[in-house]
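Before I ask anything, let me first share the structure, which is written out below as structure tokens.
Rule-based calculations on the coordinates, nothing more; no lab input. Every value quoted in this text rests on a predicted model; they were computed, and no experiment measured them. Cβ coordinates were reconstructed from backbone atoms using ideal geometry, including for glycine residues, and neighbour counts include every protein chain displayed.
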Amino acid sequence: MSREFAKIREQFIEQIGLVAQGEGMPRIAGRLMGLMVFDGKPRSFGELARELNVSRGSISTNARMLEERGFIERLGIAGDRQDYFQLAENPYEMLLKNAAARARKAEALIGRTADALAAEQTDITARIDEFQNFYKTIAASIDEAANSFRK
């Protein structure tokens, strides 16, 4: 691997870490995402820890989170007792589906408040209804985007 290629790879991994951190995820999870996207091949726990220069415990925590979100998947390799991880089959569709589910959850929570308000509180209800509609629109838009990634 050339020095220039290695530099581009390292910058990509770090930038994805910052993007993830900006979205409320751990930076390590983002770096792990960047590594999996860039390299595109299965990696063992130990390889991931060495490559990202973090503890195996940090890899375990963040890999579990990304696995639960459908971004990576765990696999075994015959004759090897280590766990390996690779990019999931449709990682971007799964990320979008999870984001849509979070938006629908927010919509439902806001809706319960609107339902609990008295009918004469129309100014409050109108603002809360608009807020609920915001999340409804976001969820629908994200669902549409997720469908574009469906294989």
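Can you pull out the GluC sites (Glu not before Pro) in the range 64-95 whose DSSP state is coil and whose Cβ has at most 10 other Cβ atoms within 10 Å?
Passing sites in the range 64-95 are 89.
Could you check the spin-label model distance between residue 77 and residue 101? Points 7 Å from the Cα along Cα→Cβ, value in nm.
3.0
Here's something else I'd like to know. Rounded, prolate or oblate: which fits the range 3-88 when a ≥ b ≥ c are the square roots of the eigenvalues of the alpha-carbon gyration tensor, with rounded for a/c under 1.5 and prolate only if a/b beats b/c?
Numbers: a/c = 1.77, a/b = 1.28, b/c = 1.38.
Oblate, because a/c is 1.5 or more while a/b does not exceed b/c.
How big is Rg to Rh over the range 43-98, alpha-carbon atoms, Rh as the Kirkwood inverse-mean-distance radius? Working shown, then result.
Values: Rg = 11.7 Å, Rh = 11.7 Å.
Ratio of gyration radius to Kirkwood radius: 1.00.
If you look at just the Cα atoms of the range 92-148, how large are its Rg and its Dmax in Å?
Here Rg and the maximum Cα pair distance are 13.3, 44 Å.
Something else now. Evaluate the Debye formula for the chain with equal point scatterers sitting on the alpha carbons, no solvent, and hand back log10 of I(q)/I(0) at q = 0.10 Å⁻¹, in q order, two decimals.
-0.49
Per-residue ellipticity at 222 nm for the chain, helices alone: DSSP H runs ≥ 4 residues times -39500 (n - 2.57), over residue total, nearest 500 deg cm²/dmol? Walk me through the numbers before you get to the answer.
On the way: 6 runs with 107 residues, N = 151.
Per the formula, -24000 deg cm²/dmol.
Could you tell me the distance between the Cα centroids of the range 56-70 and the range 1-42, to the nearest Å?
Value for the Cα centre distance between the two parts: 15 Å.
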